[in-house]
Amino acid sequence: MTMAPPEKRLLKGFNEVVTVDPALTSDDNPLGLIKNGAIALEGTTIAWVGPGHAIPAAWQGVPSEDFSGQVVFPGFIDSHTHPVFGGDRADEFEQRLQGKTYLDIAAAGGGIAKTVRETRVASLETLVEQTTTHLATSMAFGVTTVEAKSGYGLDVDSELKSLAAINEAAQRLPLTVIPTFMGGHDIPPEFKGNPNGYVDHLIGDMLPAIADQGIARHNDVFCEAGYFDVAQSRRILEAGMGYGLKPRIHTNEFEDIGGIPMACEVGCLSADHLLNTSPEGIRQLAASHTVATVLPGTAFYLKVPRYAPARALIDAGATVALATDFNPGSCMSQNLQLMMVLGCLHMAMLPHEAIQAVTLNAAKALGLEDDRGSVTAGKRADLALFNLTSHHQLLYHYGVNHLSRLYVAGQVVRGFCTEPATA
């Protein structure tokens with residue numbers, strides 16, 4: 001839902017342009033910073049980026065705007081969310097504070113199973129309205145692209161309804177939404193004790209229906225003890241690949257059951273959670289094209305004793321993305337900026353690594369790195385502007401949203417940030 005942007009505009013005077021462009025990065029400048037920078041936009045695309053003193057002559061006379069006192073980043077990318085669900089699980093927050101674990105709550109009929117019950121009875125319009133609100137909130141934190149999973153329906157009709165809600169919400173908002181089918185999120189109650197029967201149903205009935213409507217781009221599975229084992233997860237992912245759905249995986253959140261080597265072999269775009277990942281698993285991810293996506297908000301909310309080994313993954317050479325894991329049970333937050341701070345404080349990431357993790361690396365986790373994730377000539381003009389004098393302040397001055405303006409495909413997005421409506 002966007003209007004056509006003006007053809008040519010020049011944005012200039014930025015204190016810093018945080019390009020995250022590999023052609024401009026170095027050990028001394030890991031984010032490819034350009035001081036006193038400028039960006040030329042042509043339609044939906046970035047046409048030129050550079051220092052203000054080097055603006056090409058062809059751009060000297062076009063409409064321009066001065067952004068002195070601001071820092072511009074690539075639009076942030078939240079590469080792992082679960083935004084479509086019925087009801088909420090606010091009651092579980094207090095249960096956790098009283099000592100119950102995620103698995104305790106699930107065993108008592110709460111957790112994902114509760115959300116499945118409430119999602120199945122919710123109307124399509126209710127899910128559309130709620131999902132639209134959830135995704136709009138993401139934009140308020142500088143997000144211009146978001147991945148959105150189904151997975152709280154777990155039958156044909158409810159999964160189709162959930163993906164329809166995601167796609168309709170995407171039509172109502174200017175950001176890019178990447179819909180992911182996640183029928184492999186849990187075993188629904190009607191298949192308890194018969195996980196292979198559910199996998200057969202997912203592959204034989206759900207995937208063909210999803211593919212027939214063309215409403216998902218990716219296929220995800222929860223490869224975890226008590227959910228789907230490695231063989232079942234492989235079946236689900238490979239079946240989805242047969243329909244053109246790119247594979248993704250949740251794994252090693254509670255135990256290491258061997259999901260990483262399978263994910264790397266299958267060619268998953270991303271392996272997510274990873275809290276219980278061995279040194280060998282780290283080496284396998286580093287040697288693969290699979291992005292390691294860490295979700296510190298979930299570990300923080302669940303008060304688990306360990307976080308994903310982001311520092312070890314980065315040091316080993318893995319590509320590390322960072323996302324919210326926004327969901328009703330274990331991370332009810334769309335604040336990607338906060339997740340970056342948690343990544344630094346609890347996973348030993350450096351600020352520039354956290355920024356890379358929600359821009360170019362997150363784009364790689366979605367297979368979109370050729371199109372977005374850096375401020376690079378030829379890429380989409382997705383930009384997040386902040387009232388900061390330096391990029392260092394983004395994570396240092398945490399808990400405050402400094403977003404001043406958002407561009408999605410070259411179009412200024414109103415109503416999602418602190419910019420006055422008349423600006």
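The values are calculated or read from the model by the stated rules, or taken from the named source; none is laboratory data. Since we're looking at a predicted model, the values are computed, not measured. Cβ placement follows ideal geometry from the backbone for every residue including glycine, while neighbour counts extend to all protein chains displayed.
Taken as a whole, the range 311-329 holds at least one residue that is assigned by TED's automatic domain parsing to the domain that holds residue 202 and modelled with pLDDT under 95. The condition of being without any contact (Cβ under 8 Å) to a residue 60 or more places away in the chain and either over 19 Å from residue 175 (Cβ atoms) or not hydrophobic (A, V, I, L, M, F, W, C) (or both) holds for only one of 349, 340, that being 349. Taking the range 396-411 as the range and being assigned to a loop (DSSP other than H, G, I, E, B) and in contact (Cβ under 8 Å) with a residue 24 or more places away in the chain as the test, the residues that pass are 398, 399, 401, 409, 410.
Yes or no, residue by residue, for (1) surrounded by 21 or more Cβ atoms within 10 Å (Cβ to Cβ); (2) among the charged types (D, E, K, R); (3) in contact (Cβ under 8 Å) with a residue 12 or more places away in the chain:
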{"position": "163", "(1), (2), (3)": "yes, no, yes"}
{"position": "168", "(1), (2), (3)": "no, yes, yes"}
{"position": "176", "(1), (2), (3)": "yes, no, yes"}
{"position": "189", "(1), (2), (3)": "no, no, yes"}
{"position": "193", "(1), (2), (3)": "no, no, no"}
{"position": "200", "(1), (2), (3)": "no, yes, no"}
{"position": "212", "(1), (2), (3)": "no, yes, no"}
{"position": "216", "(1), (2), (3)": "yes, no, yes"}
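Looking at 263, 287, 292, which one is assigned by TED's automatic domain parsing to the domain that holds residue 213, closer than 23 Å to residue 151 by Cα and out of contact with any helix residue (DSSP H, G or I) (no Cβ under 7 Å at 6 or more places or on another chain)? Before the answer, list the steps.
Values: 287 fails: closer than 23 Å to residue 151 by Cα; 292 fails: out of contact with any helix residue (DSSP H, G or I) (no Cβ under 7 Å at 6 or more places or on another chain).
It is 263.
Can you name the residue in the range 314-351 that is at positive phi and of a type in the set (Gly, Ala, Ser) and, of all such residues, is surrounded by the fewest Cβ atoms within 10 Å (Cβ to Cβ)? In this case the residue turns out to be 317. For the range 234-255, the set of residues classified as more than 19 Å from residue 179 (Cβ to Cβ) and either in a helix (DSSP H, G or I) or without any contact (Cβ under 8 Å) to a residue 12 or more places away in the chain (or both) consists of 234, 235, 238, listed by residue number. Every condition in (1) within 30 Å of residue 288 (Cβ to Cβ); (2) surrounded by fewer than 23 Cβ atoms within 10 Å (Cβ to Cβ) holds for residue 414 except the one numbered (1). Which of (1) more than 21 Å from the chain's Cα centre (by Cα); (2) within 27 Å of residue 203 (Cα to Cα); (3) among the hydrophobic types (A, V, I, L, M, F, W, C) does residue 166 not meet, given it meets every other one? It fails just one condition, (1).
The rows are residues; the columns are (1) out of contact with any Asp or Glu (no Cβ under 8 Å at 6 or more places or on another chain); (2) in contact (Cβ under 8 Å) with a residue 24 or more places away in the chain; (3) more than 15 Å from residue 143 (Cα to Cα).
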residue: 309; (1), (2), (3): yes, yes, yes
residue: 315; (1), (2), (3): yes, no, yes
residue: 324; (1), (2), (3): no, yes, no
residue: 329; (1), (2), (3): no, yes, yes
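Of the residues 363, 354, 384, the single one that is on the phi < 0 side of the Ramachandran plot, crowded, with 24+ Cβ neighbours inside 10 Å and in a strand (DSSP E or B) is 384. One residue is enough: does the range 405-418 have a residue meeting the conditions more than 20 Å from residue 172 (Cβ to Cβ), modelled with pLDDT under 95 and not charged (D, E, K, R)? There is at least one residue in the range 405-418 that is more than 20 Å from residue 172 (Cβ to Cβ), modelled with pLDDT under 95 and not charged (D, E, K, R).
Residues of the range 106-132 that are surrounded by 13 or more Cβ atoms within 10 Å (Cβ to Cβ), β-branched (Val, Ile, Thr) and without any contact (Cβ under 8 Å) to a residue 40 or more places away in the chain: none at all.
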